[in-house]
Amino acid sequence: MYGWTGKLLHVDLTRGTCERREIPTDILHAYLGGRGLGVRLMRDYFRLGPFEPDLPLIFAVGPLCGTNSPTAARLSCVSRSPLTGTIYDCSAGGRFAWRMKAAGLDAVFITGKSPKPVFLSIDPARDELHPAQSLWGKGVKETVAALSDHGSVTTIGPAGENGVLFANIMMGEGNSIGRGGLGAVMGAKGLKAITTQGDGVTGIADKERFDAARGDVMRLFRASPVIFGGLGIAEYGTPALVDLMAQRRMAPTENFRSTFFADSGNYSGPAIRKECGAKKEGCYGCPIQCKKASAAGEALPEYETVNHFGALNGISDLHAIVKANSLCNELGLDTISAAATLSAFGEARGRFPDAAEVASLLADIAYRHDQGELLSLGSRRMAEILGRPELSMSVKSLELPAYDPRGAYGMALAYVTSNRGGCHLRAYPISHEILRKPVPTDRFSFSGKARIIKIAEDVNAAVDSLVACKFAFFGATLEEYGELLSAVTGIEYGPESLKAIGERIYLTERFYNCANGFSHDHDTLPHRFFEEAGSAGEGIDVPPIDLARFEEELQKYYRIRGLDEEGRFGDRDLLAELP
Amino acid sequence: MRDQIYKYTGKLLADRSACADGIAFAAQDDVLITAGAPELAALAGATLSRLNSLALVAARPTLPFADFLIARAGQGEECIVPQDTETRTFLHDIPFLRRKDLADDPAPVLAKLLGNRKGVIVEGVGIVAVGAITVEQAFINYSSVFHSTFVKYLQDLLVDGFRLPGEREAFDSFRRDWLRPLSASGLDFVDALSLEKDEILAEIERVGRYTVERGLVDSFFGNISAVAGERIYISQTAASLDELKGCIDPVPADNSSTTGITASSELLAHRKIYEQTGARVILHGHPKFSVVMSMLCDRKAECVIKDCWKDCPHVRDLGGTPVVAGEIGAGGLAKRVPPVIGASGSAIVYGHGVFTLGRAGFGEAFAAMVDVENFCREEYFRRMNR
Ligand code: SF4
Ligand SMILES: [Zn+2]
Ligand SMILES: [Zn+2]
């Protein structure tokens, strides 16, 4: 077999066992890897609560991982989110995914609960659990340093150990498995870290075809202003979006009360480069290298992070923002949810936290001290407890990132139809509504958006299963990635067959969610967006979203998806239809 | 979506790439809609409903070049591989279906081909192209296929001459009836562009319209800019040159802001041209004869370079205009064009298109592009007559 290793490592923490098993080939062909494979492997477990020991925590790479395919040395982590209650996956880069593949694995499937803290080491020679009592309580940096002899490290910080609902799992190289709180799932299992090393190579069925396809991808990267343009993400990282979002009047400010922050220039891409001496960094083997690090090697924040610790909390000091980012990375906290929760808290008490207060609140959250106990629950639960539920700017309890939905109606729809809650990375309409890729669409119109969002969700589910990076698709398309995949695996894949795989994955996720009680009532935005206008300026008006029109398009979306008016499957047993 | 279909039907008519009675669109929102020539519309609908895409156009091109390419293709061949950069980059190759392989219902096999590519040619029927997420995208892909078959056919003719019955007659009628004289006369330009933002934007929009109206570029391909002190005003990526209102980005010279992340992928080339030439404006398009002629090279036989379009280090010459190689965007065109364009005011990029300058305003740049294309057109026919 080319591309895949066909192997899964089954770890039972309760019994302390590690065992390599075969993955049926037809499952790999039908779900690729990453998100798709993980979601498929959840089939018998998706009803389990996020903190039930038998709930699996799955790490899965894709068939392109280990080859020279651009941006494909990534993995997906899949489980059920304690923050949202939905099925959950997150794509992450770093060296870990590549090493895991080199260790001979397509997936690691972890269940159970260890009575004492442990870490898992993966090695082609021997997969093993080790005591980790001495690492429990340690920050991310120290843990990574302590385990670096074992290869690449992924670990939780204090936030994950303490069950913070938006705790991340952190990759040793500074990347994170973010948003839905999978760090808390890992913590509840008593698993502090995983290390991996190996030297296997991923076979390629047709090298010549592979090289041609890779050439096509690289040419499209070079032709894309967003990727390799002089002002693009390879140069400035995702904070290249700061100026754009300010100009478009869609930068969420002060808990989304407004959409423009006059001081955002302080943390724009060029400002970060100037102030922090940003240099290029990135995921392993990625030609784009969109991540930035300071001269001292400290990971610099992404766009969503600078906006949320910045505008969303009314903070304009770049260094305070960078510090908040570093602190989150060290404690193992999701930056978007952390900053958004602080912001909702700020609005509730009538005062947003200032730069100095942010740092102490973040530590309180990770250790669940004082007010941190409340904040560790995320904005939805916190706002409800404070009696101000309307102040949580979240969908399905996942805090909205830094794209105001009043400024892009596809984004508004995408937030609510995302299976993991308010996330920008599912349909990712920013690509066409703002960045004009592959073609521009009218951001202030719902026309056609239901279909566009549906197609994009399918595309991205495939991308997350390859596992490639979303940013590659600011230039390349499934045409070229289908070629790469066909060349690597020797099996023919093209855009339509990949989209069909994506659709299968998306629907499976939705089906799981429906079985767990999600429906139309959860597919909505906070009322603020239907009632209050954003900040007008530069000839751009940002009115509230028309609720009736929004609802009409959502119903269209359901019809296109083959769902009923409640967004559910009726009597249909989807899983019985799927491989 | 109907308004979109109406709009892009109009564009196909205006640029004369599709026959008036042979255009159909299909689009799917929550329901499938089709419009246009009934038979083609039925085919478009039946094909699109099998695809996870939003729109599709099926139209009969005004020129028989695509069909000729199929008829000229070898027995086992299943696709055309165009050589020009833009189509090479975005389309890769263009699959086709021969008349004899058309079943009663070609939709399923068409859908299968379109499942992998943006556009296909169906012999005797026309060009069918999909838009993954918009109607416009289907139009753009149609336009790309039309452009690339046009260029490839003319290129192949130069090499192999006529081979099929009817080819010469069709070619003569193309030359006599389809082609129109290309000129800049009667157009209004601001002689010396001021530094006023509003004037600059208005002039760029107007010039963009001219380039399309005069048939110098298809509406999608190309970019335009003007420099004013510390700022470059440049058309955005994926912008139609005849619809630039609201699609021009001001980019500060010192990169103090990144709003220009949406600017054309040739921003860097434009910037370097300004730095090296002191020009005020730049016009860039892909006029077809220039693209064809740029790929002729008498060293081909002995040269060891394989990817001429990006790797050729030589500067060749077409009627006084330098021809250089170079890829789009961050791929080298920005290195090779700026040093050569200053002297002549224009440059051709191998297999790609033409850049021209204006020292005071767009009049000079526009006239220069017309001249380059006219020279290439005449030179093409001169060689065909040999
Ligand atoms: S583009 Fe950035 S996030 Fe994506 S794979 Fe490359 S370095 Fe990682
Ligand atoms: Zn309801
Ligand atoms: Zn061009």
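Label positions at A:Glu384 and B:Leu179, each projected 7 Å from the Cα along the C-beta direction, are separated by 7.3 nm. Between the alpha-carbon centres of the stretch A:172-186 and the stretch A:478-520 there is a gap of 24 Å.
Electrostatic bookkeeping for B:Ala71 treats Lys and Arg as +1 and Asp and Glu as -1; over the other residues with beta carbon under 10 Å from its beta carbon, the sum is +1.
Ranking A:Ala251, A:Ala97, B:Gln137 by how far each Cα lies toward the positive end of the dipole of the protein assembly as shown (charges on Cβ) leaves A:Ala97 at the top. Interface area, chains B and A: about 3900 Å² of buried accessible surface, summed, with a 1.4 Å probe and ligands, DNA and RNA left out. When shorter helices are ignored and each DSSP H run of at least 4 residues is given -39500 (n - 2.57), the per-residue value for the protein assembly as shown at 222 nm works out to -11500 deg cm²/dmol. Phi-derived couplings, Karplus 6.51 cos²θ - 1.76 cosθ + 1.60 at θ = phi - 60°, listed residue by residue for the stretch A:519-525: 7, 3, 4, 8, 8, 9, 9 Hz, with x used for Gly and Pro.
For chain B, which whole percent of the accessible surface, found with a 1.4 angstrom probe, sits on carbon and sulfur atoms?
On the way: 7370 of 14740 Å².
It is 50 percent, rounded to a whole number.
Assuming charge only on the beta carbon of Lys and Arg (+1) and of Asp and Glu (-1), the dipole of chain B about its Cα centre is about 740 debye to the nearest 20.
Let's see if you can work this out: charge +1 on each Lys and Arg Cβ, -1 on each Asp and Glu Cβ, no other charges. What is the dipole magnitude of the stretch B:51-199 about its Cα centre, in debye to the nearest 20?
So the magnitude is around 560 debye.
Of the DSSP H helices in chain A, those that are both long (alpha-carbon extent of 18 Å or more along the helix axis) and hydrophobic (Kyte-Doolittle mean at least 0.0) are A:318-331, A:335-349, A:355-367, A:449-466.
Here are some pairs, B:Lys7/B:Lys197; A:Lys449/A:Lys556; A:Lys207/A:Lys470; which of them have Cα atoms lying more than 19 Å apart in this structure? Before the final figure, lay out each step's value.
Details: B:Lys7/B:Lys197 29 Å; A:Lys449/A:Lys556 9 Å; A:Lys207/A:Lys470 25 Å.
The answer is B:Lys7/B:Lys197; A:Lys207/A:Lys470.
Per residue of A:230-237, how many C-beta atoms from partner chains lie within 10 Å of its own C-beta, taken as a mean? Don't skip to the answer; put the middle values down first.
Working: counts 13, 13, 7, 2, 1, 4, 3, 0.
Going residue by residue through A:230-237 and averaging, the value is 5.
Amide H contacts of B:Leu97 (H built 1.01 Å from N, in plane; Pro and chain starts excluded): B:Ile121, B:Val122, B:Glu123 sit under 5 Å, all sequence-distant by 5 or more or on other chains. The distance between label points at A:Ala533 and A:Arg559 comes to 3.3 nm (points 7 Å beyond Cα on the Cα→Cβ vector). When you count the other C-beta atoms within 10 angstrom of each residue and take the mean per peptide, B:356-365, B:89-98 line up highest first as B:356-365, B:89-98.
For the peptide A:471-479, the mean number of other protein chain Cβ atoms found within 10 angstrom of a residue's Cβ is 2. Amide hydrogen proximity for B:Ile232: with H placed 1.01 Å from N in the peptide plane, the residues at 5 or more positions away or on another chain lying under 5 Å are B:Val251, B:Ala253.
Peptides A:258-268, A:523-533, A:332-342, B:44-54, ordered by how many other C-beta atoms sit within 10 Å of their residues on average, highest first, read A:332-342, B:44-54, A:258-268, A:523-533.
I need the shape label for the stretch B:97-209. Rule: rounded when a/c is under 1.5, else prolate if a/b > b/c, else oblate, with a, b, c from the alpha carbon gyration tensor.
Details: a/c = 3.59, a/b = 1.54, b/c = 2.33.
Oblate, because a/c is 1.5 or more while a/b does not exceed b/c.
Annotation: per residue accessible area for the protein assembly as shown equals 33 Å², rounded to a whole number [probe 1.4 Å, protein chains only]. Taking all protein chains together, B:Trp309, A:Trp98 sort by accessible area into A:Trp98, B:Trp309, largest first [probe 1.4 Å].
For chain A, relative contact order (Cα pairs under 8 Å, six or more residues apart, normalised by length) works out to 16 percent. Net charge dipole, the protein assembly as shown: roughly 1260 debye, given to the nearest 20, about the Cα centre with Cβ charges of +1 for Lys and Arg and -1 for Asp and Glu. Under 5 Å between amide hydrogens, built in the peptide plane, is the criterion, and for B:Val323 it picks out B:Arg316, B:Asp317, B:Leu318, B:Ile348 among residues at least 5 positions away or on other chains.
Can you bin chain A into rounded, prolate or oblate? Criterion: square roots of the alpha carbon gyration tensor eigenvalues sorted a ≥ b ≥ c, rounded for a/c under 1.5, prolate for a/b above b/c, oblate for the rest. Kindly include the intermediate steps, with their values, before the conclusion.
On the way: a/c = 1.30, a/b = 1.16, b/c = 1.12.
Verdict is rounded for chain A.
Principal-axis analysis of the Cα atoms of chain B puts helix B:197-213 at an angle of about 40° to the longest axis. Fully extending the segment from A:Asn68 to A:Ala262, taken as 0.36 nm per residue of separation minus the present Cα-Cα distance, adds 65.6 nm.
Sorting the segments A:128-141, A:497-510, A:67-80, A:22-35 by their mean number of nearby beta carbons within 10 angstrom, highest to lowest, gives A:67-80, A:497-510, A:22-35, A:128-141.
Interface burial in the stretch A:422-443, defined as at least 20 Å² less accessible area with all protein chains than with the chain alone at a 1.4 Å probe, covers A:Leu435, A:Arg436, A:Lys437, A:Pro438, A:Val439, A:Pro440.
Straight-line reach from A:Lys141: taking Cα to Cα under 13 Å and skipping same-chain neighbours fewer than 8 places apart, the aspartates and glutamates in range are A:Glu173, A:Glu298, A:Glu330. Distance between the C-alpha centres of the stretch B:244-261 and the stretch B:23-67: 37 Å, rounded to the whole angstrom.
Under the shape rule built on the C-alpha gyration tensor, where the axes satisfy a ≥ b ≥ c, the stretch A:476-573 is oblate, since a/c reaches at least 1.5 while a/b does not exceed b/c.
Compactness of the stretch B:241-386 is given as radius of gyration and Dmax, 15.8, 55 Å, from Cα positions.
On the protein heavy atoms, probe 1.4 angstrom, tell me the percent of accessible surface of chain A carried by carbon and sulfur. Walk me through the numbers on the way to the answer.
Details: 8580 of 17480 Å².
Here it works out to 49 percent.
Treating cross-link reach as a plain straight distance, find the lysines whose alpha-carbon is under 20 Å from the alpha-carbon of B:Lys100, omitting any fewer than eight places away in the same chain. The qualifying lysines are B:Lys112. Taking the DSSP bridge list for chain A and keeping only pairs wholly inside it, about 80 percent are antiparallel. Please report the spacing between the Cα centers of the stretch A:1-74 and the stretch B:120-195 in Å, no decimals. Using only Cα atoms, the two centres lie 50 Å from each other. Relative contact order, whole percent, for chain B stands at 13, derived from Cα pairs under 8 Å and 6 or more residues apart. Take each residue of peptide B:247-257, count the partner chain Cβ atoms within 10 Å of its Cβ, and average: the result is 3. Taking 21 Å as the straight-line reach from the Cα of B:Lys310, the lysines in range (excluding those fewer than 8 positions away in the same chain) are B:Lys152, B:Lys272, B:Lys288, B:Lys300, B:Lys335. Within the stretch B:176-257, the trypsin sites (Lys or Arg not before Pro) that combine a DSSP coil assignment with at most 15 other C-beta atoms in a 10 angstrom radius are B:Lys245.
So if R0 is 45 Å, what FRET efficiency would A:Arg126 and A:Glu577 give, r being the distance between their Cβ atoms, rounded to the nearest 0.05?
Given R0 = 45 Å and the Cβ-Cβ separation, E is 0.65.
The values are calculated or read from the model by the stated rules, or taken from the named source; none is laboratory data. Because the structure is a prediction, the values reported are computed rather than measured. Here Cβ is always computed from backbone atoms with ideal geometry, including for glycine, and neighbour counts include all displayed protein chains. These area figures cover heavy atoms from the full protein model, side chains too; ligands, DNA and RNA do not enter into them. Shrake-Rupley method; radii C 1.70, N 1.55, O 1.52, S 1.80 Å.
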